[in-house]
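Input: a single structure, listed below in structure tokens.
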Amino acid sequence: MLDQPALWWQAVGLFVAHFADWEAAWQGCVGDDARERKQVHALRSAAANVGATALAASAGALENCLLARLAGGAERVPEALRARLQADFRGAWRGAADARRASDPEALAR
């Protein structure tokens with residue numbers, strides 16, 4: 001973040017706030033490849049912005065599978081991809097929320 005820690009903390013705060021309900025929204029899209037891909041793509045981009053590399057990678061793997069399906073390729077999405085994404089999301093989001101709270105206890109109250 002251009003050697004500006006305040007920008008990174010701002011990105012973390014936005015990640016925590018914007019993706020607080022992401023998991024439920026994502027699960028509501030499963031079965032609609034186009035909608036699910038959009039949900040996963042947004043998460044992949046945001047995860048990359050805050051340095052959540054494992055989350056960005058698992059989101060990227062699922063997004064690629066969904067893109068292949070949308071192009072008439074892959075027959076089904078392996079449940080292991082979704083399980084990995086769910087686990088990575090939960091870990092990254094909790095870690096980001098805890099770090100944000102520890103750096104500014106009032107941040108999540110706003």
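The values are calculated or read from the model by the stated rules, or taken from the named source; none is laboratory data. Please read these numbers as outputs of a predicted model, since none were measured by experiment. No Cβ is skipped: glycine too gets one built from the backbone with ideal geometry, and neighbour counts run over all protein chains shown. Ligands, DNA and RNA are stripped out before the accessible areas are found, and what is left, the full protein with its side chains, is counted by its heavy atoms. Shrake-Rupley method; radii C 1.70, N 1.55, O 1.52, S 1.80 Å.
Checking Leu55, Leu43, Leu7, Leu62 one by one, the residue that is in contact with a Leu (Cβ under 8 Å, 6 or more places away or on another chain) and farther than 16 Å from Arg94 by Cα is Leu62 and no other.
Scanning region 1-23 for residues being open to solvent by 90 Å² or more (accessible area, probe 1.4 Å) and among the charged types (D, E, K, R) gives a total of 2.
Being out of contact with any His (no Cβ under 7 Å at 6 or more places or on another chain), open to solvent by less than 40 Å² (accessible area, probe 1.4 Å), assigned to a helix (DSSP H, G or I) and under 23 Å from Ser103 (Cα atoms) is a condition met by no residue of region 24-42. Scanning region 52-100 for residues that are among the charged types (D, E, K, R) and either free of Cβ contacts under 8 Å to residues at least 24 places away in the same chain or under 17 Å from Ala25 (Cβ atoms) (or both) yields Glu63, Glu75, Arg76, Glu79, Arg82, Asp88, Arg90, Arg94, Asp98.
Which of the residues that make up region 51-81 are part of a helix (DSSP H, G or I) and open to solvent by less than 30 Å² (accessible area, probe 1.4 Å)?
Listed by number, the residues that qualify are Leu55, Ala56, Ser58, Ala59, Gly60, Leu62, Glu63, Cys65, Leu66.
For region 22-33, indicate whether the set of residues that are modelled with pLDDT of 95 or more and closer than 22 Å to Asp104 by Cβ is non-empty. The answer is yes; a qualifying residue exists.
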